[in-house]
Amino acid sequence: MVTFPRLLLAGACALSLTSAAHAAGHATSHEAQGLLDKAVAELNTAGPNKAFAEFNAGQAPYKAHELYVFVFTLNGVYEASGANPKLVGTNAIDMTDAEGKLLVREMIQIAKTRGQGRVDYVWLNRADNHVEHKRSLVQRVGDHIVGVGYYAG
């Protein structure tokens, strides 16, 4: 006969394995920071036209699994998106997350006041169609806000 504590333990183990398997596919903050650093260096050395074309191509080395580079102007207009280059030229100033947070406005505020930082929000992960916590690391480079986001678990 299986006792209640054993069933409880078995259920907890199954849940933790499911959560670990789900999180195992996500990029790390270290990987996101590395991609951001690489993108900032490319923008600084190659200039906006060449760098944005590379970011928009959505290929290595500026896209790795779920990580990609995006760039906004200080007014919230997309200049690059490794996930969806069709967004270039669109104004995202009023873009909200799943909970209504104005995330691009927060990115702009961070870029203007601190130069770099992070923004936490809730976003649909298109790979598995789940709404998840996401964090974008952003850095100001001249009049551009360069960012890389990752699912924070």
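Per-residue 3J(HN,Hα) values for region 51-64, derived from phi via the Karplus relation 6.51 cos²θ - 1.76 cosθ + 1.60 with θ = phi - 60°, read 4, 5, 4, 5, 5, 5, 5, x, 10, 4, x, 9, 8, 9 Hz in sequence order (x marks Gly and Pro).
Annotation note: GluC sites (Glu not before Pro) in region 53-153 located in DSSP loop regions with a Cβ neighbour count of at most 15 within 10 Å are GLU99.
Other residues with beta-carbon under 15 Å from the beta-carbon of GLY47 carry, at +1 per Lys or Arg and -1 per Asp or Glu, a net charge of -3. The residues packed around GLY58, meaning those with a beta-carbon under 13 Å from its beta-carbon, carry a net charge of 0 if Lys and Arg are +1 and Asp and Glu are -1. Backbone phi angles across region 71-80, fed through the Karplus curve with coefficients 6.51, -1.76 and 1.60 (θ = phi - 60°), yield HN-Hα couplings of 9, 10, 6, 6, 9, x, 8, 4, 10, 7 Hz in residue order; Gly and Pro are listed as x.
Across every pair of non-identical alpha carbons in region 26-151, the mean reciprocal distance, once inverted, gives a Kirkwood radius of 14.2 Å. Net charge in the neighbourhood of VAL104 (other residues with Cβ under 12 Å of its Cβ; Lys, Arg +1, Asp, Glu -1) is -1.
Read-outs: derived from the displayed coordinates by stated rules, not from any lab. None of the values given here were measured: they were computed from a predicted structure. Positions of Cβ are generated from backbone atoms using ideal geometry, with glycine treated the same way; all protein chains shown enter the neighbour counts.
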